[in-house]
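Have a look at the structure below before the remarks.
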Amino acid sequence: EQTQSLRLYEEFLPTLELRKQQLQLEVRGVEQQLAEVQQRRTGLFAAAAPQAPLLAATFARVRPLVQLQQVLIREGNVAGVKVPIFQGARFVAVPYSLLGSSPFVDEALAFWQQALLLRLEGDVLREERELIQAQLDKTTQRINLYEKVLIPEARANIRRINVVLGDRQVAAVCRAKLAKAKLASHAAAPAPGAGSQPWPS
């Protein structure tokens, strides 16, 4: 039983290590995507820096127009882990007076919608990273359990069992030799009365 357990542990361990490597690659990939989203968001605000006074001035007017209707997310599978994949978002088309509003309102509306889209994409990527990282942590714990507990325990149990079986085998051989020696000594001993002289008549 211990030998079979050890064999199973040693067979599962490479599979777990391969899964760990895959999950580590996926975590790094998601972190790279997060960095790219952050770069795009930083670039968006940097490009809008010259218009910052106008954005600030029209913010109160534009804010009610930026209404999120639906975040589009599909379920993906990354290295066996179910994760959310950001697909975009839909905004409510809030009507507003084109004649009664500054021409900059259109640009400000597009800017804040894009900024919100990038924030939402970052949020979904962070959730994806957390889910993959949680699975990576479980896999790492399982590898540690196999490497540091189960495999050493099985090997130690096998050694102890082999020692006990060896001791029993030695004891059995000793008993067999003793029994053989006793049988031999009994066979060599003269039978009772053998070799005695008869009484004179």
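Taking the structure as given and computing mean projected area of the Cα convex hull in nm², which label from [x] 11.1; [y] 19.4; [z] 11.7 fits? Entry [y]. For the chain, what are the DSSP H helices with axial Cα length of 20 Å or more and mean Kyte-Doolittle hydropathy of at least -0.5? Those that pass (Cα extent of 20 Å or more, hydropathy at least -0.5) are 104-145, 151-188. Accessible surface for segment 35-132, divided over its residues, is 61 Å² per residue with a 1.4 Å probe. When +1 charges are put on Lys and Arg Cβ atoms and -1 charges on Asp and Glu Cβ atoms, the dipole computed for the chain relative to its Cα centre reaches about 1140 debye.
For the chain, the number of Lys pairs with C-alpha atoms closer than 22 Å, counting only pairs eight or more positions apart or on separate chains, is 5. Annotation: amide H-H contacts under 5 Å for Val78 (H modelled 1.01 Å from N, sequence separation of 5 or more, or interchain): Val83.
Amide H to amide H distances under 5 Å link Leu72 with Gln87, Gly88, Ala89, Arg90, where only residues 5 or more positions off or on other chains count and H is placed in the peptide plane.
Value of Rg to Rh for segment 1-114, rounded to two decimals, is 1.30; Kirkwood radius and Rg both from alpha-carbon coordinates.
The charge dipole of segment 1-96, taken about its Cα centre with unit charges on the Cβ atoms of Lys, Arg (+1), Asp and Glu (-1) only, comes to about 700 debye. Per the Cα gyration tensor, segment 46-102 maps to an equivalent ellipsoid with semi-axes of 35, 17, 7 Å, ordered largest to smallest.
The values are calculated or read from the model by the stated rules, or taken from the named source; none is laboratory data. It should be emphasised that the depicted structure is a prediction, and the values quoted were computed from it without experimental measurement. Cβ atoms come from the backbone with ideal geometry, glycine included; neighbour counts cover every protein chain shown. The protein model used for the area step is the full one, side chains on, heavy atoms only, and it has no ligands, DNA or RNA in it. Shrake-Rupley method; radii C 1.70, N 1.55, O 1.52, S 1.80 Å.
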